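Chemist: Please see the structure below; I have some questions.
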Amino acid sequence: MAFASSISHSLQGTALSRDVLCPTTKIYPSQLSIPQSSPISKKERKLLSFHIRASVTDGRESSIEKQEPSVEKVPFPKGDSWSVHKFGGTCVGSSQRIRNVAQIIVDDFSERKLVVVSAMSKVTDMMYDLIYKAQSRDDSYMAALDSVLEKHKLTAVDLLEGDDRAIFLSRLYHDINNLKAMLRAIYIAGHATESFTEFVVGHGELWSAQMLASLVRKNGVDCNWMDARDVLIVNPTGSDQVDPDYLESEKRLDNWFSQNPSKTIIATGFIASTPQNIPTTLKRDGSDFSAAIMGALVKARQVTIWTDVDGVYSADPRKVSEAVVLKTLSYQEAWEMSYFGANVLHPRTIIPVMRYDIPILIRNIFNLSAPGTMICRPPVNEFEDGQGMESFVKGFATIDNLALVNVEGTGMAGVPGTASDIFSAVKDVGANVIMISQASSEHSICFAVPEKEVDAVAKALQSKFRQALYAGRLSQVLYFVAVIPNCSILAAVGLKMASTPGVSATLFNALAKANINVRAIAQGCSEYNITVVVKREDCVRALRAVHSRFYLSRTTIAMGIVGPGLIGGTLLDQLRDQAAVLKEKFNIDLRVMGITGSRRMLLSDTGIDLSRWRELEKEIGQVADLGKFVQNVHGNHFIPNTVLVDCTSDSGIASHYYDWLRRGIHVITPNKKANSGPLDQYLRLRALQRQSYTHYFYEATVGAGLPIISTLQGLLETGDKILQIEGIFSGTLSYIFNNFIGTQSFSEVVVEAKEAGYTEPDPRDDLSGMDVARKVIILARESGLKLELSDIPIESLVPEPLRVCASAEEFLQQLSQFDQDMANKRQDAEDAGEVLRYVGMVDVVNQRGAVKLGRYKKDHPFAQLSGSDNIIAFTTERYKQQPLIVRGPGAGAQVTAGGIFSDILRLASYLGAPS
């Protein structure tokens, strides 16, 4: 009574006086305040004054037509002749967009059309803000209301002409004056009832529907507008929801149509009435729900929801840039995805249309060429066999800002009513339970609630258990209520997940490979949905991981190339040439997300265009930063599988391998420094590799493109025992000694090899034998020997006086002074019918290795080489009489890059690609 009294007092002297409170009061032209500056003509002012007379019952005006004598009732036709369209706020956000909507309605050749329209973009928020300002006694509510008036007045002036404009503006000013009085009352009372709030915020739909109806009529279409509060009756519930009264709404629709027969109806969305004719709404985002209810009432052929996206996506495209638009969704799938936060539809939109098998089509008003997403009952042939695993999961959705509540205690097992006690306590504080999980041991129940509600839930549970313990209804045991904050839910949804083996395994395998820890799991017996709880900071990575596994190529790998020099650049060119073939034929999707040298780096979030990576590096390259580079490749995109390819010979880069592998990043390299470095670091690296899901491949460290490491590993894995490994491991030294024949001096051959590009910039790096020694130590360690590099005796080919030369040029100039010594060795070998070869050897039996210049008979396999070929002989228990020989090119950018590429494909096969 006090509130009503304050409102009545506040209305004294206003234009409305008691109009809002007294159902029979009329509004007359003299009571309206129409600004002289309004952009309307004198004729329109007269029309405005004529049309302003309207009765105010529950705050709604009645058209002149409604005051006319009743006519013979026109039967309401229902069925497939009706198509229902719903246009959201962004679709009618401006006068031009309203024109676009009108054109779509005109172009729809359906026999009958019912169009549900939202308020103009942001208007509903503006109306809620009016209520907030008024009840906060903020005087700016009047200026805010003027902004609402101005927005619609300018839109009407732009859209409408003549009588249509005058009629609409008369109603607009009438409504605004009503709202001024109501907001004044709320301002004085400092409080707005739910009914007042619902009445105020629903005006935006009234205005947009009237403008659109006038514009459609202007295009020559028979059209009436419908205030849905005259037709749609709902019963409010206690959970901020309403339940439609279909029987009463159907009666009122029949009655409305008998007085307003039309083949095109423009209806307001969002708003409705209670059975007592009190204005209400379908709550936030309720326009979709309005359209579905209307579709069910008219038994429409189809309901089209027009929005600003191309359809329903397989995941939030803001989080997963490669999310795809789904062609179809079942009702159940759309229902599940909307519940779990996907921006699909209002969660209750599915229910009305599902009863009559009415399909819902989601379309983009800004992209009419996009076919959209159809939500319907799936056809039988969708369940045919022979489809890939990715077809069983339709989409993924996430909910953030959750907390897990875990209730556990030994006294819970087998005690009836424990769960009831827990969730009744949760209900008492009004918290919303998103997910529940209970172990079969019955010792614990965990559930997820919004983080903002978790403190109240925890306190309520503690209080509940204390009361039960004191009353003797619980055993004298401790009950623990643990809260796990900062959680998110990830849900996988798909109708065909039901009874399909392997879906859960695939999902959890993808999470495991992305190093995502799952805190809780829930799956109903319908099997339409698998829900997992993860840490909030892991949510996006988890979403990208599972989406990649089900929606991208079977094996999608993010790559970072370190060292785009001769070998790295050649690898990038090979990837460029083969990427399309690999994706098309083998479903392997390789994305180079970053390229870094010692000074510059090039980064991308979706994949670098390898056809012009050199130009892009110059144009948009950044200062090299290894930490930022790794973060971009591994943590800033939608691909869970990451590999870093180190094409350098830098020990500093190699020192990062352990950390990369520990973070779940695969490593591929021709860099020998890690595997030939200190033994303890090598053992630590290999132990980590064996314990994790990450892979470390280094085939190219020994034989470039030759399968030496894989051959050795294959022999060991199949139970063979290695006795000795001996070979020519340097393509450079192979070339030098294959050409060190006749009368050509050693220094001349070295210069020739350098000019041909076979040597390092400083040939001493090859002639020192250190490169061969590193390969020997790698093979020794692969064979099980725990040797350090210092344990390998090395016969250097660099004369000792020249080891201190300041430059490579100085070394080459002075090398000829020592030609005679090497010539003598060649002559001695020839006299014995032998040739010189620079070899490395691993003696597994005696646990030692060596690098030396050796002599071999001319019929020995090592003497048969040509060019820069390498050759390696494995003597094992199986291959004791005749060693296993691997021979081929062992130097050059093409073959080394090819060896790295082979490791990349090997990684892909390990990750699930077809072998």
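The values are calculated or read from the model by the stated rules, or taken from the named source; none is laboratory data. Everything quoted here is computed from the prediction, not taken from an experiment. Don't worry about glycine lacking a Cβ; one is built from the backbone with ideal geometry, like all the others, and counts go over all protein chains shown. With ligands, DNA and RNA removed, areas are computed over all heavy atoms of the protein, side chains included. Shrake-Rupley method; radii C 1.70, N 1.55, O 1.52, S 1.80 Å.
Chemist: Given the conditions (1) hydrophobic (A, V, I, L, M, F, W, C); (2) modelled with pLDDT under 85; (3) more than 12 Å from residue 639 (Cβ to Cβ), and given that residue 521 satisfies all but one, which numbered condition is not satisfied?
Modeler: (2)
Chemist: Wholly within the range 372-460, which strands (runs of 3 or more DSSP E) include no fewer than the required count, namely at least 3 residues that are at pLDDT below 85, loosely packed, with under 12 Cβ neighbours inside 10 Å and at negative phi?
Modeler: Filter on the range 372-460 gives an empty set.
Chemist: Quick check on my filter: what residues within the range 107-116 are surrounded by fewer than 17 Cβ atoms within 10 Å (Cβ to Cβ) and either closer than 16 Å to residue 213 by Cβ or touching a residue at least 12 places away in the same chain (Cβ under 8 Å) (or both)?
Modeler: Scanning the range 107-116 gives 108, 111.
Chemist: Here are the criteria: (1) over 34 Å from the mean Cα position of the chain (by Cα); (2) buried (at least 21 other Cβ atoms within 10 Å of the Cβ). Tell me which single one residue 252 does not satisfy.
Modeler: (2) is the only condition that residue 252 fails.
Chemist: Another question, then. Taking the condition of being over 21 Å from residue 548 (Cα atoms) and open to solvent by less than 20 Å² (accessible area, probe 1.4 Å), how many residues in the range 320-337 meet it?
Modeler: Going through the range 320-337 one residue at a time, the tally reaches 2.
Chemist: Related question: Yes or no: the range 671-690 includes at least one residue that is open to solvent by less than 60 Å² (accessible area, probe 1.4 Å), hydrophobic (A, V, I, L, M, F, W, C), closer than 30 Å to residue 316 by Cβ and over 22 Å from the mean Cα position of the chain (by Cα).
Modeler: no
Chemist: On to the next question. When you go through 650, 646 one by one, which is the residue that is farther than 30 Å from residue 323 by Cβ and modelled with pLDDT of 95 or more?
Modeler: None of the others qualify; the one that does is 646.
Chemist: Could you tell me whether the range 173-191 includes any residue that is of a type in the set (Asp, Glu) and surrounded by 17 or more Cβ atoms within 10 Å (Cβ to Cβ)?
Modeler: Yes, there is a match, as at least one residue in the range 173-191 is of a type in the set (Asp, Glu) and surrounded by 17 or more Cβ atoms within 10 Å (Cβ to Cβ).
Chemist: On to the next question. Please determine, by comparing only the residues of the range 109-164 that are more than 30 Å from residue 82 (Cα to Cα) and among the β-branched types (Val, Ile, Thr), which one is farthest from the chain's Cα centre (by Cα).
Modeler: Taking the candidates together, the pick is 157.
Chemist: Does at least one position in the range 844-853 carry a residue that is on the phi > 0 side of the Ramachandran plot and at pLDDT below 95?
Modeler: So far as the range 844-853 goes, no, none of its residues is on the phi > 0 side of the Ramachandran plot and at pLDDT below 95.
Chemist: If you don't mind, there's one more thing I want to ask. List every residue pair whose Cβ atoms lie under 7 Å apart, where the two residues are 6 or more positions apart in sequence or sit on different chains, the first residue falls within the range 84-101 and is over 10 Å from residue 305 (Cβ atoms), and the second residue, located anywhere, is of a type in the set (S, T, N, Q) and open to solvent by less than 20 Å² (accessible area, probe 1.4 Å).
Modeler: Matching pairs, first to second residue: 89/118; 92/118; 92/208; 95/155.
Chemist: Here is a further query. Any residue in the range 207-215 that is of a type in the set (A, V, I, L, M, F, W, C), at pLDDT below 95, closer than 19 Å to residue 121 by Cα and in contact with a helix residue (DSSP H, G or I) (Cβ under 8 Å, 6 or more places away or on another chain)?
Modeler: Checking the range 207-215: not a single residue is of a type in the set (A, V, I, L, M, F, W, C), at pLDDT below 95, closer than 19 Å to residue 121 by Cα and in contact with a helix residue (DSSP H, G or I) (Cβ under 8 Å, 6 or more places away or on another chain).
Chemist: Can I ask one more? Among the listed residues 792, 736, identify the single one that is within 22 Å of residue 863 (Cα to Cα) and either free of Cβ contacts under 8 Å to residues at least 40 places away in the same chain or open to solvent by less than 60 Å² (accessible area, probe 1.4 Å) (or both).
Modeler: 736
Chemist: May I pose another question? Filter the range 562-621 for residues that are touching a strand residue (DSSP E or B) at 6+ places or on another chain (Cβ under 6 Å) and among the acidic types (Asp, Glu); which is farthest from residue 668 (Cα to Cα)?
Modeler: 617
Chemist: Confirm whether residue 293 is at pLDDT 95 or above and either hydroxyl-bearing (Ser, Thr, Tyr) or part of a strand (DSSP E or B) (or both).
Modeler: No: the conditions fail for residue 293.
Chemist: What do you reckon, is residue 725 under 22 Å from residue 784 (Cα atoms), buried (at least 19 other Cβ atoms within 10 Å of the Cβ) and among the hydrophobic types (A, V, I, L, M, F, W, C)?
Modeler: Considered against the rule, which asks whether it is under 22 Å from residue 784 (Cα atoms), buried (at least 19 other Cβ atoms within 10 Å of the Cβ) and among the hydrophobic types (A, V, I, L, M, F, W, C), residue 725 comes out as yes.
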